[in-house]
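A.B. asks: Mind looking over this structure? Questions follow.
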Amino acid sequence: MPEVLRVAFPYSQPARFYEPTRIHLAPEYIFLENTFSPLIELSPENATLQKGIAEKWEWLGDELHLQIRKGLKTTDGHEITADDAAFSLKRLLIRTANTHGNLKDLICGGVELRSIEDECDGIRVEGKTLILKVAGKSAFILPMLTGIDFAIIPRVSVDPKTLDIIDYRNTSGPYYVSHDSERGEIELSVNPNHYHATRTAPPKILLVPTDPKSKSASLELFKSGSVDFITTIDAVRPEKVFQLNQEMRDSVLHVTANIRTFALFFTDRGMRELSLDERLFLGKKAKEELTRHFLKLPGYEEANQFFPLHGDGAIELERAKELAVRRPAVSDLGGKSILLSIVRVGDLSTYKEILESAMPSVRVIEGKNAPTFEKYLDPLEMPHAFIGGPDTGFNEDISLISYSLTAGLFGLTPEKRQRWLAEYMALPDKNDRLLKLRSLHGQALEEVTFMPMFSSPYTALAREGWQINLSKILANNQLWLVNTN
């Protein structure tokens, strides 16, 4: 039985880089969901709520009572308590930089917390129970708490002054850092005291950094026998994983539903400097040229919406088709030089060759992150648009919705994003919320804030001897579900 699961990992950062209150890209989420656990989790099978660090919960009036599991300890025996849970949520409110949900609008009544010692009427502890007083008994609090932004961090592992995590050994998750490295070669060991520590979970996981300059680095490591697992969030495109699976018949393939939408998103600069017709021209031309290439490959389907066709956020099919066949009133970009970045959707060279050949005024560059999360010393360094492939999901997912807003994908200003999300979360009826979400989605399509191009599944690949039991409807990489045979 294999003892170590060697994982091709697209980051080369030490453990201290990873912070639940600051998640911008999927690799950060993957590391953190394996080392820290939230109060409530999502079932991999159908994304329903299931117990996490909280073994049960109930509403008493407008108060949510979450009972913390008994006997849950870190690897060194520190018990995870309700006080740790309260501390973690207050720490999140103090840092206020998380991207997967807005807790501030639901608890503490708008009180600005400046230190852990500050009082908050919305968070208190009684014995082993964490009690949250939730504005309007919001239906969002439970699914929101499944996000790793809201993971429970043992108080003993945090610097009391800076609130930085200083101990990645004593974590709340199924794995802890048993060996760290400045180069990102991190060894994770299973915490035997955790509820996900089963006899089939990998006893150890080794994160093997891949070369960020090579989009095929993970494939080469897999073929050479240097890694056992390629994650769903790897930079390699799905068709390459399908191909390698065919070449290596003893490998194990995992494929999700088509929950990844590839789209061209316009930045603040693009919305400001390009007219609607120019955005429509650029978006449609990019889609036309790229779909000609990608739809020939396995796994890809044309997309006319950001959310999946049968997902909660989808607009009516006929309206989506009408918007998709619109023609711009311009036939070129009027001599404007356009900067377009490619953010973690495969080889830059593929996009660069196709797009620059079709539109000589467009310059295609590699992007590390969504421009909203980048800092530009010179405003002219910001691209007019970027091509990304975010996880969209079929169900109403407040974490993904919040992330998409924070990343600027729907074109709202920061103030309007916060106001829209607060109004959305205040609606108790799901039908009313979905009307609001679909209205935002339709408005973004009409104003060409983004141009959906095609969708694909997420793929993962394991070496013989491992079974992949990951979710088919989520892009998560809960590595304890990559089991030994």
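The values are calculated or read from the model by the stated rules, or taken from the named source; none is laboratory data. This is a predicted model, so every value here is computed, not measured. In this analysis, Cβ positions are derived from the backbone assuming ideal geometry, glycine residues included, and neighbour counts consider all displayed protein chains. To get the accessible areas, we keep the full protein, side chains included, count just its heavy atoms, and leave off ligands, DNA and RNA. Shrake-Rupley method; radii C 1.70, N 1.55, O 1.52, S 1.80 Å.
A.B. asks: Extension gain Glu117-Asp432, at 0.36 nm per residue separation less the Cα-Cα distance, in nm?
C.D. replies: That pair, Glu117 and Asp432, stretches by 109.6 nm at full extension.
A.B. asks: Sticking with this one: Show me the trypsin sites (Lys or Arg not before Pro) within segment 19-84 that DSSP assigns to loop and that have at most 13 other Cβ atoms within 10 Å of their Cβ.
C.D. replies: Hits after loop and neighbour filter: Lys70.
A.B. asks: Using alpha-carbon pairs under 8 Å, 6+ residues apart, how would you state the relative contact order of segment 334-485 in percent?
C.D. replies: Taking the mean separation of contacting Cα pairs over the length of segment 334-485, I get 17 percent.
A.B. asks: Which angle between 0 and 90 degrees, to the nearest 10, do you get for helix 238-247 versus the longest principal axis of the chain when only C-alpha atoms count?
C.D. replies: 80 degrees
A.B. asks: Among all the lysines, which ones have a C-alpha under 25 Å from Lys128's C-alpha, if same-chain residues fewer than 8 places away are not counted?
C.D. replies: Lys51, Lys56, Lys70, Lys73, Lys90, Lys104, Lys137
A.B. asks: Any idea of Lys430's accessible area? Nearest 10 Å², probe 1.4 Å.
C.D. replies: 90 Å²
A.B. asks: Using 7 Å Cα-to-Cβ label points, what is the Leu380/Arg22 separation (nm, one decimal)?
C.D. replies: 3.0 nm
A.B. asks: Follow-up question, since we're still on this one. Could you point to the label whose value was computed as Rg/Rh (Cα atoms, Kirkwood Rh) for the structure here, given (1) 1.03; (2) 0.96; (3) 0.94?
C.D. replies: Read-out taken from this structure: (2).
A.B. asks: For the charge dipole of the chain, defined by +1 on Lys and Arg C-beta atoms and -1 on Asp and Glu C-beta atoms about the Cα centroid, which residue among Pro203, Trp420, Leu264 has the Cα displaced farthest towards the positive pole?
C.D. replies: So the residue we want is Leu264.
A.B. asks: Over the chain, what is the mean sequence separation of C-alpha contacts under 8 Å (at least six apart), divided by residue count, expressed as relative contact order in percent?
C.D. replies: That works out to 22 percent.
A.B. asks: Using a Förster radius of 60 Å, what is the FRET efficiency between Leu60 and Asn469 based on their Cβ-Cβ separation? Nearest 0.05, please.
C.D. replies: Approximately 0.95, to the nearest 0.05.
A.B. asks: Report, to the nearest 10°, how far helix 348-358 tilts away from the longest principal axis of the Cα atoms in the chain, using its own Cα long axis and a range of 0 to 90°.
C.D. replies: Its long axis makes an angle of about 30 degrees.
A.B. asks: At a 10 angstrom cut-off on C-beta neighbours, averaged per residue, how do the peptides 114-127, 145-158 rank from highest to lowest?
C.D. replies: Averaged packing, sorted descending, gives the order 145-158, 114-127.
A.B. asks: Roughly how many whole Å is it from the C-alpha centroid of segment 38-89 to that of segment 388-446?
C.D. replies: Value for the Cα centre distance between the two parts: 27 Å.
A.B. asks: Between Ile365 and Leu309, what is the spin-label point distance in nm, taking each point 7 Å from the Cα along the Cα→C-beta axis?
C.D. replies: That separation, rounded to one decimal, is 3.8 nm.
A.B. asks: Multiply the residue gap between Phe373 and Asp164 by 0.36 nm, knock off their C-alpha separation, and tell me the result in nm, one decimal place.
C.D. replies: Length gained, Phe373 through Asp164: 73.2 nm.
A.B. asks: Need one number: nm distance between label points at Ser226 and Leu49, each 7 Å from Cα along Cα→Cβ, rounded to one decimal.
C.D. replies: Here the modelled spin labels are 4.5 nm apart.
A.B. asks: To the nearest 500 deg cm²/dmol, what mean residue ellipticity at 222 nm is calculated for the chain from DSSP H runs of n ≥ 4 alone, each contributing -39,500 (n - 2.57), summed and divided by the residues?
C.D. replies: Taken over the chain, the calculation gives -8000 deg cm²/dmol.
A.B. asks: Moving on. I'd like the orientation of helix 26-35 relative to the chain: the angle between its Cα long axis and the longest Cα principal axis, in ° from 0 to 90, rounded to 10.
C.D. replies: Long axis of 26-35 versus the principal axis of the chain: about 10 degrees.
A.B. asks: How much accessible surface does Val208 have with a 1.4 Å probe, in Å² rounded to 10?
C.D. replies: Here the residue's solvent-accessible area equals roughly 30 Å².
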